[in-house]
Amino acid sequence: MAARSAALKVDWAKITTSLGLRGQTVAGLQAFKKRNDDVRRKVQQLSELPTTVDFAHYRSVLKNQAVVDEIEKRFTAFKPATYDVSRQLKAIDVFEAEAVKNAEATKQKVDLELKDLEKTLANIESARPFEELTVDEVAAAEPSIDEKTAKLVSKGRWSVPGYKEKFGDLSVL
Amino acid sequence: MPQLVPFYFVNEITFTFIILAITVYILSKYILPRFVRLFLSRTFISKLLG
Amino acid sequence: MNTLFNTVNFWRYNSSPLTQFEIKDLISIDTPILGNLHISITNIGFYLTMGAFFLLIINLLSTNYNKLIGNSWSISQESLYATLHSIVVNQINPKNGQIYFPFIYALFIFILINNLIGMVPYSFASTSHFVLTFALSFTIVLGATILGFQKHGLEFFSLLVPAGCPLGLLPLLVLIEFISYLARNISLGLRLAANILSGHMLLHILAGFTYNIMTSGIIFFFLGLIPLAFIIAFSGLELGIAFIQAQVFVVLTSGYIKDALDLH
């Protein structure tokens, strides 16, 4: 009874607290634990019941010996059914390995994401204010600005389309 | 009037035209394109911000 | 040294209001080899060069370290840019006229800076010289005419014919239009130089007058404060004229270029 011993070893309270589980997961876990307990209790009760039948007594009391014989034959033929749980256990093991692997992968992904977010946060915190931004930096980030400037100037256009509408006209006339 | 005495006319006009030509060259090559560049980067930034 | 002394004496005892416009050699070389050329840096040449340097330095310094958001210096430059750009766009052509923008900008700055340098006491008003302004205006009108012929060929002469004029009046009107076209040469340069010249002469005469009053007695000193206030007010007016004349010159130049580009 390997599964049973494993179930006994599990510290249910610790699972919830150490993993920091919440809500539906906790409820599901508790339901699972309750089912486990119930089944175990039932097994206990059933195994404590007497399993021998006094057929000699029945044979002396009852007239119809054939029925008793029949029942005795059936009774001695009865064997408790045994379930081969090794396949399920194997499946559970595979599932567990898979789950652990998934969890590891998720952890790595979350770690990477965290690092990225921390980098972004540091970037945001160390960024200079917008007032300090220079044209050279913008042009370095967006090379098309220099290209556009050269194109406009070489075509003899000295105004940027849409600029006046957005930033207003500083003309004093 | 002293400014009508022709002795230095050529000198004056030479200076004027040389300086005006240099000014036009420097303005159109270096100074005015900087304004266009500034306007372009402003429009670019404002497009980024939405 | 002797000439300097003579100049100072001349200034002190014989100061006509026009002496301030005299051209003098600062440094000069006579070149007997190159056909006796008298190569010299005169005071007007010096002040014109100074003006060019001012223009350069102002444009180099008033950029707010190339930042995206300007301070008041760079915004004033942007305002100048926008103003001249709007003049060019409105006067010449919204699309193709912008090619002339650097020329118009340079012309405006050149005239404005030289007008303003003239406003500094004991400096030299280069734009009060008819030779300088006529050289500019003749060149501009000649250039606009060449531009017109290049663009329209002989059709450019239709500029001289007003729209919808009766045939009988045609010779007379063409003559008048032709004269008015030629008069642009004169009027453009004359307007600028005459304004600057008259302003400076007026200030000089008033200043000499006030100086004589204020040095003739303690009561007259206080009496002289009234014409002094006038002089200061006129200086402010001259400052305005310096801007307005530069603007008018540039607007008319743009108008002439437009006439050459688009025939009516």
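Please treat every number below as a calculation from the coordinates, not as lab data. What you see is a predicted model, and the numbers here were worked out from it, not measured in a lab. A quick note on method: Cβ atoms are made from the backbone with ideal geometry, for glycine too, and the neighbour counts reach across all protein chains shown.
Give the residues of segment B:15-50 that are at the interface with chain C (Cβ under 8 Å from one of its Cβ atoms) and among the polar types (S, T, N, Q), sorted by residue number.
Of all residues in segment B:15-50, those at the interface with chain C (Cβ under 8 Å from one of its Cβ atoms) come to B:15-17, B:19-20, B:22-24, B:26-28, B:31-32, B:34-35, B:38, B:41-42, B:45.
Result: B:THR16, B:THR23, B:SER28, B:SER41.
Considering each of A:ARG41, A:ARG59, A:ARG74, A:ARG87 in turn, give the residue that is touching a helix residue (DSSP H, G or I) at 6+ places or on another chain (Cβ under 8 Å) and without any contact (Cβ under 8 Å) to a residue 40 or more places away in the chain. Break it down into steps so the answer makes sense when it comes.
Working: A:ARG41 fails: touching a helix residue (DSSP H, G or I) at 6+ places or on another chain (Cβ under 8 Å); A:ARG74 fails: touching a helix residue (DSSP H, G or I) at 6+ places or on another chain (Cβ under 8 Å); A:ARG87 fails: touching a helix residue (DSSP H, G or I) at 6+ places or on another chain (Cβ under 8 Å).
One residue alone meets the criteria, A:ARG59.
Looking for something acidic (Asp, Glu), under 44 Å from the mean Cα position of the chain (by Cα) and closer than 25 Å to B:SER46 by Cβ - is there at least one such residue anywhere in segment A:123-133? Show your work before the answer.
Just the residues of segment A:123-133 that are acidic (Asp, Glu), to begin with: A:125, A:131-132.
Checking which are under 44 Å from the mean Cα position of the chain (by Cα) leaves us with A:125.
Cutting the leftovers down to closer than 25 Å to B:SER46 by Cβ gives us A:125.
Yes, there is a match, as at least one residue in segment A:123-133 is acidic (Asp, Glu), under 44 Å from the mean Cα position of the chain (by Cα) and closer than 25 Å to B:SER46 by Cβ.
Quickly run through segment C:98-119 and pick out the residues that are within 9 Å of chain A (Cβ to nearest Cβ) and either surrounded by 20 or more Cβ atoms within 10 Å (Cβ to Cβ) or in contact (Cβ under 8 Å) with a residue 12 or more places away in the chain (or both). Don't jump to the end; show me each part of the working.
So the first thing to find is which residues in segment C:98-119 are within 9 Å of chain A (Cβ to nearest Cβ), and the list is C:98-102, C:105.
Of everything in segment C:98-119, those that are within 9 Å of chain A (Cβ to nearest Cβ) and either surrounded by 20 or more Cβ atoms within 10 Å (Cβ to Cβ) or in contact (Cβ under 8 Å) with a residue 12 or more places away in the chain (or both) turn out to be C:GLN98, C:TYR100, C:PHE101, C:PRO102, C:TYR105.
Does segment A:115-135 contain at least one residue that is polar (S, T, N, Q) and within 30 Å of B:TYR30 (Cα to Cα)?
Applying the first criterion (polar (S, T, N, Q)) to segment A:115-135 yields A:120, A:123, A:126, A:134.
Cutting the leftovers down to within 30 Å of B:TYR30 (Cα to Cα) gives us A:134.
Yes, the conditions are met somewhere in segment A:115-135.
If a residue must be in contact (Cβ under 8 Å) with a residue 40 or more places away in the chain and at the interface with another protein chain (Cβ under 9 Å from one of its Cβ atoms), how many such residues does segment C:27-45 contain?
Of the residues in segment C:27-45, the ones in contact (Cβ under 8 Å) with a residue 40 or more places away in the chain are C:43-44.
Next, only the ones that are at the interface with another protein chain (Cβ under 9 Å from one of its Cβ atoms) stay: C:44.
Here the count works out to 1.
If you scan segment C:159-180, which residues turn out to be in contact (Cβ under 8 Å) with a residue 40 or more places away in the chain and either more than 23 Å from C:GLY97 (Cβ to Cβ) or under 31 Å from the mean Cα position of the chain (by Cα) (or both)?
Of segment C:159-180, the ones in contact (Cβ under 8 Å) with a residue 40 or more places away in the chain are C:159, C:163.
The answer is C:LEU159, and nothing else.
Restricting to segment C:93-110, what's the tally of residues that are in contact with a Leu (Cβ under 6 Å, 6 or more places away or on another chain) and within 14 Å of A:VAL153 (Cβ to Cβ)?
Total satisfying the criteria: 2.
Considering every residue within segment C:119-127, establish whether at least one is closer than 19 Å to B:THR23 by Cβ and assigned to a helix (DSSP H, G or I). Reasoning before the result, please.
First, pick out the residues of segment C:119-127 that are closer than 19 Å to B:THR23 by Cβ: C:124-127.
With assigned to a helix (DSSP H, G or I) added as a condition, the list becomes C:126-127.
Yes: one or more hits.
Give the residue that is surrounded by the fewest Cβ atoms within 10 Å (Cβ to Cβ), with candidates limited to residues of segment C:46-76 that are more than 10 Å from chain A (Cβ to nearest Cβ), polar (S, T, N, Q) and in a helix (DSSP H, G or I).
C:SER72
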